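Notes follow the structure.
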2 protein chains.
Amino acid sequence: MTIIDGKATATAIKQEIAAEVAARVAAGKKRPHLAAVLVGHDGGSETYVAHKVKACEECGFTSTLIRREADVTEAELLEIVAGLNADPEIDGYIVQLPLPRHIDEQAIIRAIDPSKDVDGFHPVNVGRMSLGLPCFLSATPAGIIELLRRYDIPTRGKHCVVLGRSNIVGKPVATLMMQKAEPGNATVTICHSSTPNIKEICLQADIIIAALGQPGFVTADMVKPGAVIIDVGTTRVPDATKKSGFRLSGDVDYANVAPICSAITPVPGGVGPMTICSLMRNTLLAAEKALY
Amino acid sequence: MTIIDGKATATAIKQEIAAEVAARVAAGKKRPHLAAVLVGHDGGSETYVAHKVKACEECGFTSTLIRREADVTEAELLEIVAGLNADPEIDGYIVQLPLPRHIDEQAIIRAIDPSKDVDGFHPVNVGRMSLGLPCFLSATPAGIIELLRRYDIPTRGKHCVVLGRSNIVGKPVATLMMQKAEPGNATVTICHSSTPNIKEICLQADIIIAALGQPGFVTADMVKPGAVIIDVGTTRVPDATKKSGFRLSGDVDYANVAPICSAITPVPGGVGPMTICSLMRNTLLAAEKALY
């Protein structure tokens, strides 16, 4: 059984990107510059953005963090987005989600210039991804595909069962897994809250990608021996033994599933670190004007 | 067993649209105006465009047909597209595909104003569809969903197997079937040319949507008794007994499959006529500025 080490893979990728950036800078080109807009003080968002800023340093990028309080208006946020769109120094940027309820997230996302949308959330990038055209792939699905590629996990003709149909993981990773590409070319089944027989379907899977956000949902009796398990879940579960008061729990009952599968991603240290790598890769592509 | 009559359903829908148009015109609003750009003399394309022009008449729309020979340049075509984008009289338009090989189809599609893209092929509309946002749904998938709705075929929690992963049918209809909507909420499996065990998977299906373009591919031994069969195939097969020299063949072995399923679409007269209805519906939505 292989433990898919997302942390080590992410470190390797960031080193590759740093080398590319060093070569760019040596050739007189500008450093890639990523900006992040962070609204309010959500604990998860604070952590993610801090990790992204740190990853920028590791990759040799310039980074800018724009903070606003939770009472920022939609108009103010749209003005910030317009400014970032117009600023030639900024290669790409993200608006950290979720946003406060009084702000229309989709209106903000639609306002982002698709050529700077390194999160890959704009409808143009989502549509291009679906059509198999060059685009900024959204970070988590891209990270999963990169892990499968680097661990040489065969996908062609395999049955991949995706649990969850979210816009940021389930649907895009299903699309990438079925695409005419390697990794890809898998038969894909998407299960969700309306699926009555998830266990029966999972038992047929060569690859399970679990993205439901339900700690320990995938149990050993749902997994075919030898299957590959990709666990996208990262739910904060209260844990008094931790200094932070919580631990991250995946969607998979790791202790009991790991012994029967052929490869598995742990939580933390699996898909999570790869997500930030995808964002760094997209920012480098944006700086190179490789797509738009 | 129910034969799903796409022709009768399409006639009813066109009558509904015609009534809405009559009410619009009576209220002093303009008639919806659909333009179609037809390049060359491909037999299939000629037929489709002729049907679309006729459907416009039935719905009370104004229609404009712009014809160019197969040696038209990409630049000339882009100029026509720019003209249609700018023309306030035109509510929506289509560029009939396929285009000659020397023209980059995606470049033409990307040039279409998404708010006039009544075929739903522009990445913005594809992305919005995937995200579950208001958009022009591409015609064939929308027609399939409408047939399921009008025939009250339950989809929630059903296992829908889609055969084919094309950009215009397989991928979008899979997305619509899994979406949080009714019809929708189905567990969806997408099979394609790299799937080794299509028969085994089809035997689990409550609903099969066949869009491979392989005449008679779905045989009776692949169908669970009581399943619903949607046949999207329309391949021209040589037939000396026909005046035209060919007949349209679906992807399903209709004669042997029909007796064991609960509902089935014939070819012709099933999904085909619904496709044009979806285009008419989109054109009316465009005229009403209902989406953009």
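Based only on other Cβ atoms within 10 Å, what is the fewest-to-most ordering of A:CYS261, A:CYS56?
The fewest-first ordering by Cβ neighbours comes to A:CYS261, A:CYS56.
Helix B:43-59 sits at what angle to the longest principal axis of chain B, using alpha carbons and giving 0 to 90 degrees rounded to 10?
70 degrees
Output, in nm with one decimal and in ascending order, the distances from the A:ALA82 label point to the matching label points of the other copies (7 Å from Cα along Cα-to-Cβ).
Those separations, rounded to one decimal, come out as 2.7 nm.
Relative to the Cα centre, what is the charge dipole magnitude of chain B, using +1 at the beta carbon of each Lys and Arg, -1 at the beta carbon of each Asp and Glu, and rounding to the nearest 20 debye?
In debye, rounded to 20, chain B gives about 580.
Only Cα pairs within less than 10 Å get springs; with that Gaussian network setup on chain A, which residue of A:ASN197, A:ASN256, A:ASN282 has the largest fluctuation?
Sorting by GNM fluctuation, first place goes to A:ASN197.
So if I place +1 on the C-beta of Lys and Arg and -1 on the C-beta of Asp and Glu, and nothing else carries charge, what would the dipole magnitude of region B:139-272 be about its Cα centre? I want it in debye, nearest 20.
In total the dipole reaches around 260 debye.
If each DSSP helix of 4+ residues adds -39,500 (n - 2.57) and the sum is divided by the residues in chain B, what number results at 222 nm, nearest 500 deg cm²/dmol?
The helix contribution divided over chain B gives -12000 deg cm²/dmol.
What residue in chain B has the Cβ closest to the axis turning B into A, and how close is it in whole Å?
Checking which Cβ lies nearest the axis yields B:GLY127, 2.
With Rg and the Kirkwood Rh both taken from Cα atoms, where does Rg over Rh land for region B:173-233?
Ratio of gyration radius to Kirkwood radius: 0.95.
Take every DSSP beta bridge whose two residues both sit in region B:28-114, then give the antiparallel share in percent to the nearest 5.
0 percent
For chain B, set up a GNM with springs between Cα atoms under 10 Å and report which of B:GLU20, B:GLU69, B:GLU105 has the largest fluctuation.
Of B:GLU20, B:GLU69, B:GLU105, the Gaussian network model singles out B:GLU69 as fluctuating most.
Using the count of nearby Cβ atoms within 10 Å as a rough guide to exposure, how do B:PHE136, A:PHE121, A:PHE61 rank from fewest to most?
Ascending Cβ contact count within 10 Å gives the list A:PHE61, A:PHE121, B:PHE136.
Could you give, in nm with one decimal, how far B:GLU288 is from each other copy of that position, shortest first, with labels 7 Å out from Cα toward Cβ?
Relative to the other copies, B:GLU288 has label-point distances of 4.7 nm.
What fraction of the DSSP beta bridges in the protein assembly as shown is antiparallel, stated in percent and rounded to the nearest 5?
15 percent
Shape call for region A:104-201 from the C-alpha gyration tensor, a ≥ b ≥ c root eigenvalues: rounded (a/c under 1.5), prolate (a/b greater than b/c) or oblate?
oblate
Quote the FRET efficiency, to the nearest 0.05, computed for A:ARG101 versus B:ALA75 with a Förster distance R0 of 35 Å and r equal to the Cβ-Cβ distance.
0.15
Say the cut-off is 23 Å between C-alpha atoms; which of A:LYS180/B:LYS171; A:LYS180/B:LYS199; A:LYS14/A:LYS289; B:LYS199/B:LYS242; A:LYS29/A:LYS116 go over it?
Long pairs (Cα-Cα over 23 Å): B:LYS199/B:LYS242.
I'd like the orientation of helix B:74-86 relative to chain B: the angle between its Cα long axis and the longest Cα principal axis, in ° from 0 to 90, rounded to 10.
Between helix and principal axis, roughly 80 degrees.
Mind running the shape call on region A:139-272? Use the C-alpha gyration tensor, a ≥ b ≥ c as the square roots of the eigenvalues: rounded below 1.5 for a/c, prolate if a/b tops b/c, oblate otherwise.
It is prolate, given that a/c is not under 1.5 and a/b is the larger ratio.
Inter-copy label distances at A:PRO134, 7 Å along the Cα→beta-carbon direction, one decimal in nm, shortest first?
Values, ascending and in nm: 3.4.
With unit charges on the beta carbons (Lys and Arg positive, Asp and Glu negative) and the dipole taken about the Cα centre of chain B, which residue among B:THR234, B:ILE198, B:ILE168 sits farthest to the positive side?
The listed residue farthest towards the positive side: B:ILE198.
Taking square-rooted eigenvalues a ≥ b ≥ c of the alpha carbon gyration tensor, is region A:28-114 rounded, prolate or oblate, where a/c under 1.5 means rounded and, failing that, a/b exceeding b/c means prolate?
Oblate shape, in that a/c is at least 1.5 and b/c is the bigger or equal ratio.
Among A:PHE136, A:GLY157, A:VAL126, which residue has its Cα furthest toward the positive end of the charge dipole of region A:45-164, with +1 on Lys/Arg Cβ and -1 on Asp/Glu Cβ?
So the residue we want is A:GLY157.
Specify the residue with the greatest mean-square fluctuation among B:ALA107, B:ALA240, B:ALA70, computed from a Gaussian network of chain B linking alpha-carbon atoms under 10 Å apart.
Taking springs between Cα atoms under 10 Å, the residue moving most is B:ALA240.
Against the longest alpha carbon principal axis of chain B, how many degrees, from 0 to 90 and to the nearest 10, is the axis of helix B:6-26 turned?
Approximately 30 degrees, to the nearest ten.
If you count the DSSP beta bridges with both ends in chain B, what percent of them are antiparallel, to the nearest 5?
10 percent
Based on the Kirkwood radius over alpha-carbon pairs, what value in µm²/s does the Stokes-Einstein equation return for the translational diffusion coefficient of chain A at 4 °C and 1.567 mPa s?
66 µm²/s
Read the figures in this text as sums done on the coordinates, not as results from a lab. This is a predicted model, so every value here is computed, not measured. Here the Cβ is made from the backbone with ideal geometry for all residues, glycine too, and neighbour counts use every protein chain on show.
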